[in-house]
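> What follows is a single structure, and I will ask about it in a moment.
The values are calculated or read from the model by the stated rules, or taken from the named source; none is laboratory data. Only a predicted model underlies this, so the values are computations on that prediction, with no experimental measurement involved. Glycine gets a Cβ as well: all are built from the backbone with ideal geometry, and neighbour counts include every protein chain shown. Each accessible area value is taken on the protein alone, full model and side chains, heavy atoms only, with ligands, DNA and RNA left out. Shrake-Rupley method; radii C 1.70, N 1.55, O 1.52, S 1.80 Å.
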Amino acid sequence: MCGIIGVVGSSDTLATLLEGLARLEYRGYDSAGVALVRPGETWRARAAEGTESVRALRKECEFAPTGFASGIGHTRWATHGAPVTMNAHPHLDCSGHVAIIHNGIIENHTELQEQLESRGHVFTSRTDSEVLAHLIEESRAKGLDLTESVRQSLLVVRGAFAVAAMDANEADVIVAARRVSPLIIGTAPGVTYLASDVPAILDRATSFYAVNDDEIVRLAPEGFRAIDLDGAPVRLHQLTIDWDLETAQKAGHDDFMTKEINEQPDAIRSTLLDRRRRDGTITFDELRISDEELRDVQRVVIVAAGTSNHAAQIAKYAIERWARLSAEVDISSEYRYRDPVVEIGTLVIGVSQSGETIDTIQAIREARRRGARVVAVSNIVDSSLARESDAVIYTRAGLEVSVASTKAFVAQVAALELLALRLAQLRETIPASDIDALFQGLNAVADQVTTALERRASVEDVAKQLLGARDFFFLGRHVGFPTALEGALKLKELSYLHAEGYPAGELKHGPLALIEPGVIVVAVATDPALHEKMLSNLAEVKARGATVVVVATDDDESIDALADYVLRVPATEPLFTPMVDIVPLQLFAYTMARGLGRNVDRPRNLAKTVTVE
Ligand code: AGP
């Protein structure tokens, strides 16, 4: 995803844009740019310095001309085209007068570009967004005003957009529009703003309005006018914003953790967006390893720490199940001390939300030293891990502020399972029809996560009844086991209570001795193939006095006989279940922690990124 901002009627346009971009950095990292417009003149500056892009852009603007009352700005999260300056927004038309910024994906950009090029347009970037500038240019050349030009252009576009356009020949106007990607309008006396979210303009605008899908807004210094895609006038919904800036950045939630738990459906959708061509080929634009190399992979080793290690463990099951490739998972801090075996054809995957975890960076350094090809899975563009790997797959979860990882976890699982499907596609280990079905199923997970989130109250109710408990076991089988590990980690790091994740089948080999009245056993029992085994494990702990909480599917009628509490989730493909089943476990941990008065965003002793060994 990207971040956009715009202003008309301002006395400090550039400062407004740069401050707003700094607040939008969480939406896009790899490049940033601004365009200033006044009658007859469009001035542009761009920078592509990874996470330093906004700072580099500020430097680019040090000697910007003054006297521009209007402008637009953009932070980019590369989806089409490498994260380099030529692909940074704003993009211009052939005349250099029309400037556009865009957040989203233009799905039919290839055919549109071919048509525009056949009519003489010259493209200067490798992005999907640039087609918008040239489409608008063509309408303007027919004498249409900027609003009508944007409307005509959007009528031929398929995909998602929050777009803003300016033209030096209509300098005191910005025309913006939205489909799927967020867009906010702000007003103050004599100045009108647009942004991807409220925080970007919170300290300048005094009134805020939400733009809905397929609505087009003409911004002028005296205010704005909105129409729908048919040209009919519409009224924008006014927002009540009584937040301070930090609250705004929490999007009105009590804390970042709640915000980020609720962003999980979008994190999955964004991570999967536009990752499959019309012919069914699964693609990772940013992955710079050839299909031939991927096809020749003989063994996969995944190194990661903490929550990322749990995502890696889930990926192991998917890679082995679908691609029939041997896969193993190592704890980052252990990998390089075990004199690891790296043969020809070994692919090492380093998984890290921050891309700065030194244990994981050291692990992939060791792997590369021993001749492995390395792929990073990172949530931060241009992170150290990404830069030190041969290739990278970006999760697009957006900035994760809370120390306890939530949305990054589900995004990692989605990205890694998509990679497993790609490996299966290349190795032809499962029929194309099955890959299609699994791809569709993976894309449906976001909705299932939404359903699980809607059941928050029932999870909170159970957690509140168990406040005071001191000992927890989290049990699962197959991918339910790493899910249990992740649930236990969430409870430990948020509430400071002791919790252990364990393979359910392993309990009887010793830890069962710990089970007694007062111990809480939380079980993940959503895989039909292992349900009977889970029931017998639960009977074992129940018989010894444990209190049993079970994550079970909506259609599971047998669990009630054994469970003291049931946390219901929608059923899904077994390998997809961790992304859904983890939601009640996150909410459980969060509620326990809040009940104990913990700081859920900044738990004691912990850092968001562990850059020391
Ligand atoms: C997870 O909630 C913790 N914050 C921690 O285990 C984290 O997952 C671990 O430090 C790895 O971080 P990374 O994904 O940025 O490498």
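> Post the alpha-carbon centroid distance, segment 45-71 to segment 192-260, in whole angstrom.
24 Å
> May I pose another question? At 0.36 nm per residue, and after removing the present C-alpha to C-alpha distance, how many nm does the segment from residue 606 to residue 564 gain when stretched out fully?
11.8 nm
> Specify which residue in the list 280, 335, 304 is farthest towards the positive end of the charge dipole of segment 265-338, using unit charges on the beta carbon of Lys, Arg (+1) and Asp, Glu (-1), about the Cα centre.
Toward the positive end, the furthest listed residue is 280.
> Provide the gained length on full extension for the span residue 122 to residue 557, in nm with one decimal, where the gain is 0.36 nm per separating residue minus the Cα-Cα distance.
Full-extension gain reported as 150.3 nm.
> For segment 435-447, just list the computed ³J(HN,Hα) in residue order, Karplus coefficients 6.51, -1.76 and 1.60, θ = phi - 60°, integers in Hz, with x standing in for Gly and Pro.
Running phi through 6.51 cos²θ - 1.76 cosθ + 1.60 with θ = phi - 60° gives 4, 4, 5, 5, 4, 4, x, 5, 6, 8, 4, 4, 5 Hz.
> Here is a further query. What whole-number distance in Å separates the alpha-carbon centres of segment 114-129 and segment 266-334?
Between the Cα centre of segment 114-129 and that of segment 266-334, the gap is 33 Å.
> To continue, here is another question. Under a plain spin-label model, where a point goes 7 Å from the Cα along Cα-to-Cβ, how far apart in nm are residue 251 and residue 320?
Simple spin-label model gives 3.6 nm for this pair.
> Any idea how far the Cα center of segment 133-168 sits from the one of segment 410-462, in Å?
Segment 133-168 and segment 410-462 have Cα centres spaced 36 Å from each other.
> At 1.4 Å probe size, with every protein chain present, just tell me what the per residue accessible area of the chain comes to in Å².
With the other protein chains kept in place, the chain gives 37 Å² per residue.
> Please give the FRET efficiency for residue 235 paired with residue 156, using the beta carbon to beta carbon distance and R0 = 30 Å, rounded to the nearest 0.05.
Here the calculated transfer efficiency is 0.70.
> Please give the helix 306-323 orientation as an angle from the longest Cα principal axis of the chain, in degrees from 0 to 90, rounded to the nearest 10.
In the chain, helix 306-323 runs at an angle near 90 degrees to the longest axis.
> Another question about this same structure. For residue 222 paired with residue 540, estimate the spin-label separation in nm (one decimal), with each label point 7 Å from Cα along the Cα-to-Cβ line.
That separation, rounded to one decimal, is 7.8 nm.
> Taking amide H positions as placed in the peptide plane 1.01 Å from N, state which residues far from residue 393 in sequence (5 or more) or on other chains have amide H under 5 Å from it.
Correct list: 376, 377, 378.
> Using a Förster distance of 25 Å, how high is the FRET efficiency between residue 210 and residue 169, based on the Cβ-Cβ distance and rounded to 0.05?
So, using R0 = 25 Å, E works out to roughly 0.25.
> Grab the beta carbon distance between residue 12 and residue 457, set R0 = 45 Å, and tell me the FRET efficiency rounded to 0.05. The partial results should precede the final answer.
Working: r = 46 Å, r/R0 = 1.02.
For R0 = 45 Å, the calculated efficiency reads 0.45.
> Using 0.36 nm per residue of separation minus the Cα-Cα distance, give me the extension gain between residue 338 and residue 107 in nm, one decimal. If you can, show how the numbers build up before the last one.
Numbers: separation 231, 0.36 × 231 = 83.16 nm, distance 4.65 nm.
Roughly 78.5 nm would be gained on extension.
> Leaving ligands, DNA and RNA out of it, report the carbon-plus-sulfur percent of the accessible area of segment 157-230 at a 1.4 Å probe.
For segment 157-230, the apolar C and S fraction of the accessible surface comes to 48 percent.
> Now, a different point. With θ set to phi - 60°, apply the Karplus curve 6.51 cos²θ - 1.76 cosθ + 1.60 along segment 589-595 and write out the HN-Hα couplings as whole Hz, x wherever there is a Gly or Pro.
Values per residue, Gly and Pro as x: 4, 4, 5, 4, 5, 5, x Hz.
> Helix 358-369 sits at what angle to the longest principal axis of the chain, using alpha carbons and giving 0 to 90 degrees rounded to 10?
90 degrees
> Which value in nm describes the separation of the simple spin-label points at residue 496 and residue 296, placed 7 Å from the Cα toward the beta carbon?
Roughly 5.4 nm, to one decimal.
> Taking all protein chains as present, what is the carbon and sulfur share of the accessible area of segment 467-515, in % to the nearest whole number, probe 1.4 Å?
Looking at segment 467-515 in its full context, I get 55 percent from C and S.
> Arrange the peptides 257-268, 155-166, 465-476 so that the one whose residues have, on average, the most other Cβ atoms within 10 Å appears first.
257-268, 155-166, 465-476
> Would you please put 88-99, 208-219 in order of how densely packed they are, using the mean number of other Cβ atoms within 10 angstrom per residue and starting with the highest?
Final packing ranking: 88-99, 208-219.
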